[in-house]
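Trainee: First the structure, which I've put down as structure tokens, then a few questions once you've had a look.
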Amino acid sequence: MLAVFILFSKAFGQHHISKYEKRWAFFHPIAAFKIRYQLPQAMKLYQQVKASKDLDTLESGGKLDAFRHTFVMAYLARSVKRKKLLKLGIAHEKGNKLQFEKGLLENHELPDSLACEMDLRNNQTGIDIGVANKKLNGEELKVLVIKEIKAGKAWYLKRNAKFDYVTCANQAINLMDYKGKWYVPKCLIKTNE
């Protein structure tokens with residue numbers, strides 16, 4: 001089982017592996033091995049979208065973040081069962097809560113409740129897309145997910161013209177006022193808004 005953790009950790013090299021994700025890998029070793037071999041290709045395609053700036057450049061809370069979660073789950077859902085991926089997504093977000101409690105950043109920001117909710121919703125959307133399109137190759141899936149994001153099938157966090165997070169009433173949020181608070185009154189909106 002140690003081998004599963006090592007392979008799983010290498011696959012998710014872009015972030016720290018939480019105890020919840022390790023537990024998931026322990027109970028789902030075959031799925032963890034599949035992810036270990038598929039995730040690098042998915043992340044390569046993600047990097048192409050990031051470089052293209054076709055959506056936006058916001059890796060935390062933006063359409064690019066929405067794409068990453070939606071696309072990676074769609075990519076993996078072609079060969080890993082829906083229920084296992086949903087559990088992995090939940091384990092990852094539990095890990096984000098733990099990171100918040102330790103004051104650790106994810107993609108240059110402290111995780112919060114609405115960022116986690118956004119990720120969970122986008123994970124679900126991605127899994128649905130992947131299950132419905134198992135025959136698509138990675139490039140075709142990438143194009144489809146971008147189209148779905150532009151059509152408003154995913155979620156992101158609302159910002160103003162200065163890229164500050166805002167409430168649903170369009171009031172700018174000073175994140176320093178919420179230091180150490182899990183709930184920040186950001187506004188979760190569809191990606192076509």
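None of the figures in this text is laboratory data; all of them are computed from the coordinates on show. Quick caveat: nothing in here was measured; it's all calculated off a predicted structure. Using ideal geometry, Cβ is built from the backbone for each residue, glycine included, and neighbour counts are taken over all protein chains shown.
Trainee: Sort TYR20, TYR75 by Cβ crowding within 10 Å, fewest neighbours at the top.
Mentor: Working: TYR20 19, TYR75 26.
By the 10 Å Cβ count, ascending: TYR20, TYR75.
Trainee: Using only Cα atoms and rounding to the nearest 10 degrees, what angle (0 to 90) does helix 138-150 make with the longest principal axis of the chain?
Mentor: Approximately 20 degrees, to the nearest 10.
Trainee: Using only Cα positions of the chain, each an equal point scatterer, no hydration layer, compute I(q)/I(0) via Debye at q = 0.09, 0.17, 0.19 Å⁻¹ and quote the log10 values to two decimals.
Mentor: -0.32, -1.13, -1.37
Trainee: How many nm is it between the label spots at ASN170 and ASP54, if each spot is 7 Å from the Cα in line with the beta carbon?
Mentor: 3.1
Trainee: Among TYR165, TYR37, which comes first, then next, by fewest other beta-carbon atoms within 10 Å?
Mentor: Values: TYR165 23, TYR37 11.
With the fewest neighbours first, TYR165, TYR37 line up as TYR37, TYR165.
Trainee: Angle between the Cα long axis of helix 2-11 and the longest principal axis of the chain, 0 to 90 degrees, nearest 10?
Mentor: 50
Trainee: Between ALA151 and LYS179, what is the label-point separation in nm under the 7 Å Cα-to-beta-carbon projection?
Mentor: According to this spin-label approximation, the distance is 4.5 nm.
Trainee: On to the next question. From the square roots a ≥ b ≥ c of the eigenvalues of the alpha-carbon gyration tensor of the stretch 73-168, which class results: rounded (a/c under 1.5), prolate (a/b over b/c), or oblate? If you can, show how the numbers build up before the last one.
Mentor: On the way: a/c = 2.57, a/b = 1.38, b/c = 1.86.
It comes out oblate by the Cα gyration axes.
Trainee: Can you tell me the relative contact order of the chain? Whole percent, Cα pairs under 8 Å, sequence separation 6 or more.
Mentor: Working: 283 pairs, mean separation 41.0, N = 193.
Result for the chain is 21 percent.
Trainee: How large is ³J(HN,Hα), in whole Hz, for each residue of the stretch 120-134 in order, when computed from phi with the Karplus curve 6.51 cos²θ - 1.76 cosθ + 1.60 and θ = phi - 60°, using x for Gly and Pro?
Mentor: For the stretch 120-134, the Karplus-derived couplings read 5, 5, 5, 4, 4, 4, x, 4, 4, 5, x, 5, 7, 9, 5 Hz, x marking Gly and Pro.
Trainee: Using the Karplus curve 6.51 cos²θ - 1.76 cosθ + 1.60 with θ = phi - 60°, work out ³J(HN,Hα) for each residue of the stretch 50-62 in order, rounded to whole Hz, and write x for Gly and Pro.
Mentor: 4, 5, 6, 6, 5, 9, 7, 10, 8, 6, 10, x, x
Trainee: Can you list residues whose amide H is under 5 Å from ASN107's amide H, if they're 5+ apart or on another chain and H is modeled 1.01 Å from N?
Mentor: The list, which skips near neighbours in sequence, is empty: none.
Trainee: Shifting gears a bit: Read phi for every residue in the stretch 63-70 and hand back ³J(HN,Hα) as whole Hz from Karplus 6.51 cos²θ - 1.76 cosθ + 1.60, θ = phi - 60°, with x for Gly and Pro.
Mentor: Those phi angles translate into 5, 5, 4, 4, 4, 4, 5, 5 Hz.
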